[in-house]
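The values are calculated or read from the model by the stated rules, or taken from the named source; none is laboratory data. Source: prediction; values computed, not measured. Note that each Cβ is placed from the backbone with ideal geometry, even for glycine, and that neighbours are counted across all protein chains shown. Heads up: the accessible areas ignore ligands, DNA and RNA and are worked out on the full protein's heavy atoms, side chains in. Shrake-Rupley method; radii C 1.70, N 1.55, O 1.52, S 1.80 Å.
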Amino acid sequence: MKLYHAATSVCSQKVRVGMAELELEYDSVTLDLQKGDQFDPDYMALNPDAVVPTLNDKGLVIVESSLILEYLDREYNGRKLMPADTGEETAARHWLLRTVAVHAAINTLTFSTAMRRKILAEKSEEQIAASLAKMPDPVMRKKRHDLFDNGLASPYLGQALMCLRRTFEDMAAALKDGRWVSGSEFGIVDIALIAYLDRLDHLGFDGLWMPKYPALGDWLASMRARPSYETGIASHIPAGAIEAYRKGGSAAWPELERLWIRS
């Protein structure tokens, strides 16, 4: 089993957490997204979208992080991470679908704040344009251009905040009667969501949920206390990365808080 992933990619993180929970061993191929490893022709033959992660299990190539989680749970864990109750299973599958939109929202907040600050400081306009030109999806390319040009003034921000507000509301509702978003027991939804709140917290954006939904803070703490968090997320974060996220996020927080209150 071979996993192509990136250290701070949230989708890579959630798959690594899942593999740690299942105690699965794998050959690790780490891609440096800032250097453009994802655009290597050999990698794009596996994942034409030039994104991570990608799992190759004995020749079966699987992309999309939530699909990878569900595959691993089914093939190697007897579906134990998926709730047994029919209603809870249906809700879990809906959450897995929703993570596509949640990921887009996290991407928007990351690249309109801390990553924008970092990349604009380190690269010339020509270098940025050349990197963006390699993105195979024209819609994602246009979005990234806009986030770099406009930051929090980007029209993509409103969509992201709407998605996150609904996400926080529904997570809080799921946590009302227990510790886990997956249902009565820890499960696949908790794994699928951990990297997203973890990233927002590292950016210093916990003010998006803590005033109204403090249960999300308790859930995040419970997830970070699991050994799989250290294995799948913390141990892969480069030195200084969290500080850089926090610095870039702190500079953007006053304006983001204003937009959040207005949204």
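Helix check for the chain. Which DSSP H runs span at least 24 Å along their own axis by Cα, with a mean Kyte-Doolittle hydropathy no less than 0.0?
Those that pass (Cα extent of 24 Å or more, hydropathy at least 0.0) are 86-111, 156-174.
With a cut-off of 8 Å between alpha carbons and a minimum separation of six or more residues, what is the relative contact order of region 157-218 in percent?
That works out to 30 percent.
Sum up the lysine pairs in region 15-134 that clear both bars: alpha-carbon distance under 29 Å and a spacing of 8 or more or different chains.
Qualifying lysine pairs in region 15-134: 7.
Work out which GluC sites (Glu not before Pro) in the chain are exposed loop sites (DSSP not H, G, I, E or B, at most 16 other Cβ within 10 Å) and give the longest gap free of them.
26-184
Run the numbers on region 72-167 and let me know its relative contact order in percent, using alpha-carbon pairs under 8 Å that are six or more apart.
34
What percent of all Cα-Cα pairs in region 173-241 falls in each 10 Å bin, counting up from 0?
Once binned at 10 Å, the Cα pair distances of region 173-241 give 19, 53, 25, 3.
I'd like the projected area of the chain, averaged over all directions, using the convex hull of its alpha carbons. Report it in nm² with one decimal.
13.4
Among 2/247; 143/247; 212/247; 143/212, which pairs are too far apart, with a Cα-Cα distance over 27 Å?
Beyond 27 Å: 2/247; 143/212.
Using heavy-atom solvent-accessible surface (probe 1.4 Å) with all chains present, what is the largest-first order of 165, 246?
246, 165
Considering the Cα positions of region 108-213, please state its Rg to one decimal place and its Dmax as a whole number of Å.
Taking only Cα atoms of region 108-213, I get Rg and Dmax of 16.7, 52 Å.
Could you work out the relative contact order of the chain? I mean the mean sequence separation of Cα pairs under 8 Å and 6+ apart, divided by the number of residues, in percent.
25
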